[in-house]
Structures are given as structure tokens and as C-alpha cells.
Amino acid sequence: MPSPSPEPVVRPVGLAVIGLGVIGRRMLEQAALSPALRVVGAWDIDAAACQRAQADFPDTVIAADARALMQAAGVDLVYIGTPPAFHRDYCLMAADLGRHVFCEKPLTARLEEARLLVTELNARATPNAVNFVFASAPAADYLAARLADGSLGDIAAIEMRIFFSQWPRAWQASAQWLRLREQGGFVREVLSHFVYLSLRLFGDCRLVGSQVIWPADPSLCERAASALLNCAGIPATLSAASGASGPDEVVYTVRGSRGALRLTNWYEVEESDGQAWRPVVLPADSSGDPRTAAYQRQLANLVCFARGQPHPLPDAGIALQVQTVIEGIVSVP
Ligand SMILES: NC(=O)c1ccc[n+]([C@@H]2O[C@H](COP(=O)([O-])OP(=O)(O)OC[C@H]3O[C@@H](n4cnc5c(N)ncnc54)[C@H](O)[C@@H]3O)[C@@H](O)[C@H]2O)c1
């Protein structure tokens with residue numbers, strides 16, 4: 001009898017990480033938990049950031065520069081975790097080297113540049129995806145399932161609300177670009193996730209009107225913003241503010257004729273049938289940490305993307321739709 005043929009060996013997807021700040025380091029930390037991913041190398045323009053990453057993740061090979069990083073043998077996918085002003089250059093460098101592109105949101109700092117980048121990636125037929133974690137987070141999947149099963153009745157209203165006592169938040173103290181109007185601000189940085197989630201859940205999300213309060217110093221980002229959006233016929237209100245006391249809030253609410261759901265603190269879901277909100281217990285992964293669960297699902301989907309398999313990650317075209325709404329609120333003509 002012929003012996004059974006051995007299982008084909010599937011090698012891990014080779015990842016290059018560019019930008020070793022808050023999110024680049026999170027990628028190193030999370031990729032280390034995923035056997036299907038191998039970090040081939042990493043690089044940051046700041047030598048101190050490279051040294052810190054090397055000290056905290058000793059297995060990481062620090063490349064000589066961005067091009068050497070992307071060209072290294074075994075790199076399938078380039079993850080771009082720099083501030084938005086540099087995303088386009090690195091996306092195109094990776095695309096021209098034949099690598100898959102996984103870019104952080106927002107796609108770019110300026111809307112015209114984002115439009116250009118989508119055209120450029122399409123012209124090169126570069127497989128690309130953008131890191132909106134609500135593409136994979138169990139909490140977002142739960143909302144999608146409850147909308148699909150009709151149990152909330154007719155959806156009548158959506159609310160997106162954020163408040164931060166301090167911006168940037170304490171854990172982002174090193175990312176001072178987030179304070180600046182040029183490419184930072186909490187509308188771009190945080191509400192973009194809710195606009196993406198609305199596109200995912202409802203298929204459309206457009207800006208109807210908005211108002212922003214700016215600080216006296218024209219270099220600084222917004223102090224507060226409000227907007228009305230139209231999500232496939234459902235009205236959505238958006239409100240954002242920072243710089244006062246009280247707990248931070250990041251809340252996305254969907255209200256239907258028979259019930260309401262809200263996503264709080266990024267990864268938790270609460271439900272109401274008209275009475276007080278009560279928590280929904282979501283299936284946990286082995287880590288027991290909802291952020292890790294969401295990130296690991298995102299990375300599992302990233303592996304599917306890199307292998308050309310079906311996956312739910314949004315591409316640059318969807319990120320452009322998000323950015324069109326966001327820049328409609330905060331870009332200064
Ligand atoms: N998907 C998410 O949930 C999420 C969360 C946080 C941040 N982000 C996004 O990730 C990106 C980075 O944010 P962050 O909070 O890590 O910022 P950060 O300032 O902490 O880190 C950015 C890093 O990029 C490096 N850098 C700057 N210019 C560079 C260049 N030209 N070449 C190479 N490296 C360069 C900096 O030295 C720094 O180490 C932003 O686009 C941000 O919006 C996404």
C-alpha cells in the first residue's frame with residue numbers, strides 16, 4: 001500500500017515592520033503570539049526607537065534602512081506603522097518591490113494624497129489592506145450578527161461618541177504628532193474606527209454636516225467636533241471632545257425599534273431592550289483579554305490576506321471612504 005503523502009509544509013508569512021512606536025511595538029508583541037507569522041525584520045527612522053525595540057523584542061532583526069528591510073529574503077508583507085504623512089511613500093516602496101501592503105489608518109495625512117495612493121496601488125495591482133481592527137474584533141462581529149438576524153428591529157439611529165480627559169492619552173505621550181492639526185487629532189485617530197465600523201455594518205456612511213471648535217493656536221488639533229452622518233438612510237450623530245475631567249469614553253450605539261446595542265471601551269458590548277444597559281458576554285479567546293483576542297483575529301485574517309485567501313480586511317479604497325468622511329469634518333480648507 002502506498003504510504004500517505006506528507007502534509008504540505010506551510011511556512012509562516014514573513015512580515016516586515018516599519019515604524020516602531022506605539023503601534024509598531026504592539027505589532028511585534030502580537031505577531032510573536034501568532035505561529036503563522038514571522039517578523040523577518042523591523043526598522044524605524046529614529047535609532048533610539050530601534051534600540052528600544054531590539055531591547056524589548058530581542059529576536060527582532062533591525063534592518064539598515066526601509067528599503068533593505070522590505071527587500072530582505074522571506075518578506076511577504078510590509079506593515080507600515082509610521083505617522084500618516086509617511087504612509088504613501090512606504091506603501092509605494094513596498095508595492096514596487098512586489099510585497100503585499102498592510103498600512104495603518106488613516107491611509108495618508110491628506111485626502112488628495114489618499115486618492116492618489118488608491119490609484120497607484122490599483123495600477124500596480126498590489127494586494128493591500130488597512131488596519132481597522134473592527135474588521136475582526138469579536139465585538140464588531142457580534143454587532144454585525146445581531147443586525148443580520150433582525151433582532152433589533154428596524155434600525156433608527158446610530159451614535160458615535162468619544163471623550164478623552166487628555167489628548168494624546170498618557171500612553172501616547174511619545175506620539176506628539178497626535179496633538180497637531182496637520183495629521184493628528186482624535187477625530188482622525190479614533191472616530192475613523194467608528195466610521196469604518198459604520199461602513200462595515202451598514203454599507204454606506206456619508207457626511208451631512210459638521211462643526212469643529214479649534215484652539216487659538218492654529219498648529220493644534222480640534223478641541224471638540226460634532227457631525228451628522230447618513231449611514232444608508234440611518235441618521236448617525238457623532239460627538240467628540242477632550243480636555244476636561246471625568247472618565248474617557250469611546251462608545252458606538254445602534255438603536256433599533258426592538259432593542260439597542262452599544263460597543264464600549266473598544267471591545268465590550270452592552271444591550272438594552274428599553275431598560276438599563278446590561279453586558280453581553282462575548283466568547284473569549286485563550287488569552288482572556290479582549291484586545292488580544294481582537295488583535296489575534298486581525299492577524300489570522302492578515303495571514304489569509306497574505307496567502308491570497310478570503311479575508312474581511314478593508315483595502316485602501318475603503319480606507320479612502322473613511323478618510324473622505326473624516327477629512328470632511330477636520331480638514332481646514
Ligand atoms: N489601528 C489602530 O488601532 C491604531 C492605533 C494606534 C495608532 N494607529 C496608527 O498607527 C500609526 C502610528 O501611530 P503610533 O501611535 O504608533 O505613533 P508613534 O509616534 O508612537 O510611532 C510612530 C513611529 O514612526 C517612526 N517614524 C516617523 N517617521 C518615520 C519615517 N519617515 N520612517 C520610519 N519611521 C518613522 C517614529 O520614529 C515612531 O517611532 C498612525 O498612522 C496611527 O494613526 C493605529
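Read-outs throughout are calculated quantities, based only on the coordinates presented, and are distinct from any laboratory measurement. Computed from a predicted model, the values in this text were never measured in an experiment. Cβ sites come from the backbone with ideal geometry, for glycine too, and all protein chains shown count toward neighbours.
Given a Förster distance of 22 angstrom, what is the FRET efficiency for residue 324 paired with residue 226, based on the Cβ-Cβ distance and rounded to 0.05?
0.75
For segment 254-270, 3J(HN,Hα) computed residue by residue from phi via the Karplus equation (6.51, -1.76, 1.60; θ = phi - 60°) reads 10, 10, x, 6, 10, x, 9, 10, 9, 9, 10, 6, 6, 10, 10, 10, 10 Hz, glycine and proline entered as x. Ordering 272-283, 205-216 by mean Cβ neighbour count within 10 Å, with the highest value first, yields 205-216, 272-283. The protection proxy used here, the mean number of other Cβ atoms lying within 10 Å of each residue, ranks peptides 181-194, 47-60 as follows, highest first: 181-194, 47-60.
Mean projected area of the convex hull spanned by the Cα atoms of segment 13-131, taken over all viewing directions: 6.6 nm².
Shape annotation for segment 1-45: C-alpha extents along the principal axes are 58, 17, 7 Å, from largest to smallest. For the chain, the pair-distance distribution built from all alpha carbon pairs, in bins 10 Å wide starting at 0, is 5, 24, 33, 25, 9, 2, 1, 0, 0 percent.
Averaging the Cα positions of each part gives two centres, and for segment 134-152 and segment 196-225 these lie 24 Å apart.
Projecting the Cα positions of 279, 304, 98 onto the charge dipole of the chain (unit charges on Cβ atoms of Lys, Arg, Asp and Glu, taken about the Cα centre) puts 98 furthest along the positive direction.
With each run of n ≥ 4 DSSP H residues scored as -39500 (n - 2.57), what mean residue ellipticity at 222 nm is computed for the chain after dividing by its residue count and rounding to the nearest 500 deg cm²/dmol? Could you put the intermediate results ahead of the total?
Values: 9 runs with 104 residues, N = 333.
The per-residue figure over the chain is -9500 deg cm²/dmol.
Shown for the chain are the DSSP H helices of 18 Å or more along their axis, judged by Cα atoms, with a mean Kyte-Doolittle hydropathy of at least 1.0: 316-330. Taking label positions 7 Å along the Cα-Cβ direction at both residue 244 and residue 176, the computed distance is 2.8 nm, reported to one decimal. Coordinate range of the alpha-carbon atoms in segment 225-284 per principal axis, descending: 32, 32, 23 Å. Here's the picture: a label point sits 7 Å out from the Cα of residue 208 along the beta-carbon direction, and within segment 225-254 the residues with their amide nitrogen under 17 Å of it are 226-240, 253-254.
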